[in-house]
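The values are calculated or read from the model by the stated rules, or taken from the named source; none is laboratory data. Values in this document were obtained by computation on a predicted structure and should not be read as measured data. Every residue, glycine among them, receives a Cβ derived from its backbone with ideal geometry; neighbour counts consider all protein chains shown. For accessibility, only protein heavy atoms count, side chains too; no ligands or nucleic acids. Shrake-Rupley method; radii C 1.70, N 1.55, O 1.52, S 1.80 Å.
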Amino acid sequence: MKSALIEKFQTIFGRAPEILARAPGRIEFIGNHTDYNGGSVLGAAIDRGVWVALARRDDGQRRLASDRRGQIITVPAARILKLSGAKRWANYPLGVLAAFPSFGLREPAGFDYLAMSDLPAGAGLSSSAAIELSSALAFAEAAGEQPSREVLVQAARHAENHFVGVPCGVLDQGVSGFGKNDHLVFIDCRGPRFELVPLPPGAHFWIFNTHTKHALVDGFYAARHRECLEAAQALGVALLVDVSPAVLAANAGRLPPLAAKRARHIVEEIARVAATVAALRDGNLVAVGKLLTASHRSSQHLFENSTPELDFLVDALVAAPHIFGARLTGGGFGGAVMSLASGKFDEAAAEPVAAAYAEKFGARPEILHLQTGDGAALHQP
Ligand code: ADP
Ligand code: MG
C-alpha cells in the first residue's frame, strides 16, 4: 500500500511526497446509541484504512487527488469553500483544514495531496473518519504543529459535524485516533475520555454488510434521539447515563411504554459495555460474545433499530460454529452485522450464511474478515 501510494503520488504530481500518514477504519464493537446519552462505547480500529501522501508547495495552491476519483482538485489559498458533485469527497480533508484555526492550529499553506485506501467507503467502517484523521496528521506535520491525539480527534470530528454536515458521535474519530493493534478503544463519551482495553488473542471479526439502508433512516435516528432525551427528562436527569438499570426498573411506570423501552435499551446497553470490559479483562471471549448478542436482541426488541435482514444474519451467525456472538454495528435501520469469531471460522463457514441470506433476500451480503490494527500515525516516506 505504502509503495503504491508513493508511486501514484509521483505519477500524479511529478515528484516524491514529503509526508505520509495513515488512519484506520473502525468497528462499533458494543454500545449502540449510547454516545448521545452520555454513555460509553467500545470500538475496534481495524487493519484497513486510508493513507495520505503530501508535499508542500510554495505558491499557496492546494491540489488534492484521490485513488477513487481521477480529477485533481485545485483550491486557491483564500477561503475554504464546500465542494459538490464529483469533488464532494474533498470536503473531508478541506473540512479538517477549515477546522484547524478553531483548535489553535496553523494550516499548511500550499500542498499536493493524495488519498489512497483499502477500506470500502460507505460499508459502515468509517472511511470518513479514516480520511479525516490521516489528513489531520499530514496537515499538522506540514504546518510544523504537534497537536495531541485528543485535539486531532476533535478537529476531525469537528470537520465531519460542521463542514461535511454529518452529526456523528465521537466513536468514529476516537477509535481511528486512539486505536491499537490487539486492543479495543473504550470511550466515555461525556469527557470524552479514551482508554485502551486488550483484546484476548484469537479474536476475529467477520462483517456481513447488507448494503441496505432504510429510506427513513435520518428521521428514525432523530426520533430515537428525541425519545431518549424525553425519557431522561421524565426521570429527572439530563442524560440517561445518570439512570441505573435498578432505578429505571423502579420508575419505568412513570414513562409512556415506548419511552420505557427505549430507555431500558440505553441503560442496559451502558451496563453491557461495562460488563464487556470486565469480560475482556478476564480473557473470556465466550462471555463477551453473549453480551454482543444480547446487545443485538435489545436493539431488535427494545430500541427497534434493527431490520429483518440484520436479524436474519444474527440468527444465522449465532447458530454457526466458532461464532462467539453477533450484533448489528452502527446506527441500525440497515447496514452491517458484526460477529466475533474464533480463528476456526473461515470462508467455508461464512458461505452457508451468505447463501441462506441470498436465498431469502435476493442479494449476497458483502463479507469482510477483519482484525484489529493500529490507530492514526505518521510514516516514513
Ligand atoms: P463511511 O464513513 O461509513 O465509510 P461515509 O459516507 O461517512 O461512510 O463516508 C464515505 C465518504 O468518505 C466517501 O463517499 C468519500 O467522500 C470519502 N472517502 C472515503 N475514502 C476515500 C478515499 N480513499 N478517497 C476519497 N474519498 C474518500
Ligand atoms: Mg462515516
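Using a cut-off of 32 Å between Cα atoms, the listed pairs LYS2/LYS82; LYS261/LYS344; LYS87/LYS344; LYS87/LYS213 include LYS261/LYS344; LYS87/LYS344 as exceeding that distance. Charge tally for LEU239 (other residues, Cβ to Cβ under 13 Å; Lys, Arg +1; Asp, Glu -1): -3.
Loop-resident trypsin sites (Lys or Arg not before Pro) (DSSP state other than H, G, I, E or B) in the range 4-40 with no more than 14 further Cβ atoms inside 10 Å of their Cβ: ARG15.
Computed over protein heavy atoms with a 1.4 Å probe, the carbon and sulfur contribution to the accessible area of the range 1-45 reaches 49%. Over the chain, the hull volume per residue, using the convex hull of the C-alpha atoms, is 141 Å³.
Counting only protein heavy atoms and a 1.4 Å probe, the chain has 41 square angstrom of accessible area per residue. Taking only protein heavy atoms and a 1.4 Å probe, the accessible area of the range 204-370 is 58% carbon and sulfur. Using a probe of 1.4 Å on the protein chains alone, the accessible area found for ARG88 is around 120 Å².
Here is what passes the span test in the chain: the DSSP H helices with alpha carbon length of 30 Å or more along the helix axis and a Kyte-Doolittle mean of -0.5 or above are 257-281. Ordering PHE345, ALA222, ALA316 by Cα displacement along the dipole of the range 204-370 toward the positive end leaves ALA222 in first place; charges were set at the Cβ atoms of Lys, Arg (+1) and Asp, Glu (-1). Ligands, DNA and RNA excluded, the heavy atoms of ILE6 present near 50 Å² of accessible surface to a 1.4 Å solvent probe. Summed over qualifying helices (DSSP H, 4 residues or more, each -39500 (n - 2.57)) and divided by its residue number, the chain shows a 222 nm mean residue ellipticity of -12000 deg cm²/dmol.
Net charge in the neighbourhood of CYS168 (other residues with Cβ under 15 Å of its Cβ; Lys, Arg +1, Asp, Glu -1) is -3. Computed with a 1.4 Å probe on the full set of protein chains, the accessible area for SER244 sits at about 50 Å².
What is the mean projected area of the alpha carbon convex hull for the range 204-370, to one decimal in square nanometres? Computed as one quarter of the Cα hull surface, the answer is 10.2 nm².
Look at the Cα gyration tensor of the range 165-242: its axes a ≥ b ≥ c give a/c of at least 1.5 with a/b at or below b/c, and that counts as oblate.
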